[in-house]
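Asker: Once you've had a glance at the structure underneath, I'll fire off some questions.
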Ligand SMILES: NC(=O)c1ccc[n+]([C@@H]2O[C@H](COP(=O)([O-])OP(=O)(O)OC[C@H]3O[C@@H](n4cnc5c(N)ncnc54)[C@H](O)[C@@H]3O)[C@@H](O)[C@H]2O)c1
């Protein structure tokens, strides 16, 4: 597999820092450290869904910045092996209000990063109840536990799915939220709940609307079952470890007829969380898009995967999926201005390269827990 000049050094720099504990040896942490490090006192952070893809990478970045972390995850979709060494795990559903109260009471975190959710759009169209129970119901027990334990900072993993089919692209945060599936609706409700808990209980919050999270750190990457995300599926197709890719819709009003999406590197996402936590010391609420601000079509992603792997991605055209908007690209101007956030991985090939590197190192993903 080909490697793109520079990328490996950058992520290796991060690994060296992780092992030696020398913060300054990480190239990709520099912007965060320079802009925000001075004000970032060590915090204790509770991460729900920390055994999942974005949550586990965020735990890694939190540790690198000297914060202490504890994870709550029911392991329904995540992996114990994804949690960084030294981070305690409570195997618990966020739906278990009593245990959540006890955990929050014991941990008394400075902030909660709330990643735990069901997040498959197609599944939500078949079983909306699951999405309202897990995502909305889980948010109720989490927020009530935060109120009781006096934790006043909560960051929600929200989604571009709250916008539905937008009128304008790039999408600004003021755009109307009109979700086209129960998953997006559940996130919109969670955002509204946060606003009410702010007004009634003084909870400060960040609703972080991610676009398409992608890529990997050296140690942690994407291992979903089932996998529905384009980059890992295209990589698996190229490397022969998955089926030929199905491209859903080739007749959209876009340059090449396929859907256009905004891909944001998972480490850049993680760093935005740290900056938001810090910002909430002085601000009560932040609603922010987290994306790169540029869109890539499915065919462009396929070409990037082919460039990185040096292999062809076998694919076939499939019908459009219901509720898939042609174009979802973030305006990330607000996050850049308010947080001073600068995504480090601004090229699609660099993002794909990190995902390919991780997949090469972990061809079967994380070690699976024995079942039964
Ligand atoms: N991946 C993306 O591109 C993307 C885009 C927009 C928003 N998001 C949101 O970001 C968050 C993280 O996404 P991800 O891709 O890392 O998902 P993921 O499925 O890899 O991680 C979610 C984690 O939450 C855990 N979980 C689910 N329900 C739980 C419950 N009731 N109690 C305790 N733990 C529970 C799962 O076991 C899993 O470890 C989700 O809220 C998702 O909706 C993701």
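Asker: If you bin the C-alpha pair distances of the chain every 10 Å from 0, what whole percents do you get?
Answerer: 5, 25, 36, 26, 8, 0
Asker: Let me know the Kirkwood hydrodynamic radius for the stretch 162-227, please, with Cα pairs as the basis and the value in Å to one decimal. Before the final figure, lay out the partial values.
Answerer: On the way: mean 1/r = 0.0699 Å⁻¹.
It works out to 14.3 Å.
Asker: Report the label-to-label distance for residue 66 and residue 336 in nanometres (one decimal), using points 7 Å from each Cα along the Cα→Cβ vector.
Answerer: Here the answer is 3.0 nm between the modelled labels.
Asker: Over its Cα atoms, what ratio of radius of gyration to 2.2 N^0.38 Å does the stretch 202-270 give? Show your work: numbers first, answer last.
Answerer: Values: Rg = 15.3 Å, N = 69, 2.2 N^0.38 = 11.0 Å.
Normalised Rg, Cα atoms only: 1.39.
Asker: Here's another thing I want to ask about it. If you take the alpha carbon radius of gyration of the stretch 56-167 and divide it by 2.2 N^0.38 Å, what ratio comes out, to two decimals?
Answerer: Values: Rg = 14.8 Å, N = 112, 2.2 N^0.38 = 13.2 Å.
Compared with the compact-globule rule of thumb, the stretch 56-167 sits at 1.12.
Asker: A follow-up question, please. Hey, could you grab the Kirkwood Rh for the stretch 123-215? Inverse mean 1/r over distinct alpha carbon pairs, Å, one decimal. Walk me through the numbers before you get to the answer.
Answerer: On the way: mean 1/r = 0.0716 Å⁻¹.
The answer is 14.0 Å.
Asker: For the stretch 186-230 and the stretch 300-343, compute the distance between their C-alpha centroids and round to whole Å.
Answerer: For the stretch 186-230 versus the stretch 300-343, the Cα centre distance is 18 Å.
Asker: Something else now. Using Cα springs under 10 Å in a Gaussian network model of the chain, which residue among 306, 191, 107 shows the largest mean-square fluctuation?
Answerer: 107
Asker: Would you mind computing Rg(Cα) / (2.2 N^0.38 Å) for the stretch 234-305, counting N as its residues?
Answerer: 1.53
Throughout, read-outs are computed from the coordinates displayed, never taken from laboratory work. Small disclaimer: the values here were computed from a predicted structure and weren't measured. FYI the Cβ positions are ideal-geometry reconstructions off the backbone, even for glycines, and counts take in every protein chain you see.
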